[in-house]
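Laboratory data are not the source of any read-out in this text; all were calculated from the coordinates shown. Not measured: the values here are computed from a predicted model. Here Cβ is always computed from backbone atoms with ideal geometry, including for glycine, and neighbour counts include all displayed protein chains.
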């Protein structure tokens, strides 16, 4: 199966994830706005936003992550076996259920993988800190942003490897997944152009389009912000000039555009990128599965990896 065929066959997971993310976005925005117009004070929407945020986080953890794991399981199957079952969506959750007998086990493995890469990533960002000053801070920030994006893909690839190595201990499979990156770093680093190039392109095209749409809507209906400005001014010592609604228009348009771009990118673009990255990752690992001695080298640099290694016994 080609990358596009695997992506197309696993698109059902993306659509369900999109519906979930859209519902969570409505909850995150709708609850505070509803509270604002219902109670007519600044405190109510803040409380409502915090409650909505907690609900969004919990639903993402317990529902969103399972959908993502099932999708990665099927991507792995498609990339390694060259075919996928007819009922891909149902089979994906069955594989997750079989591989991870409990949610606790699932989160233990995934958190251990993320912790290992983040810990090793912090070692790299020390380069910027060593420079010092504003330049050092900018270097650190840039490196950290790149590493965090790369880490997410690496964590997904490691999870795919855990599904692929279903015949071995999950902790050992996770250790192998982490070691694959460091063993075949040059090969896998070629994927960075794909990751950041497509990400930037989708931000400019999709994010820019949404910003333009929202700006036109809000700019042609300035009354939408009048009630909000009125409520803020009633409890503020520094009133906002009602004529300055253009600031609200730009900020709110940009916020919604970035949020919607983030959802669409993570649901539709990222899975396509991940399919190619995952295929290369699995191919590199299958050629030469990491050994115990290679685990020990990484364990010297990461205490999180060392703890994961201890769970292999």
Förster radius 22 Å - calculated FRET efficiency between residue 258 and residue 55, Cβ distance, rounded to 0.05:
0.55
Based on the alpha carbons, how large is the Rg to Rh ratio for segment 3-52 when Rh follows Kirkwood?
1.34
In what order do 295, 255 fall by count of nearby beta-carbon atoms within 10 Å, going from fewest to most?
255, 295
Rough spin-label spacing in nm, given labels placed 7 Å along Cα→Cβ, for residue 62 and residue 196
3.8
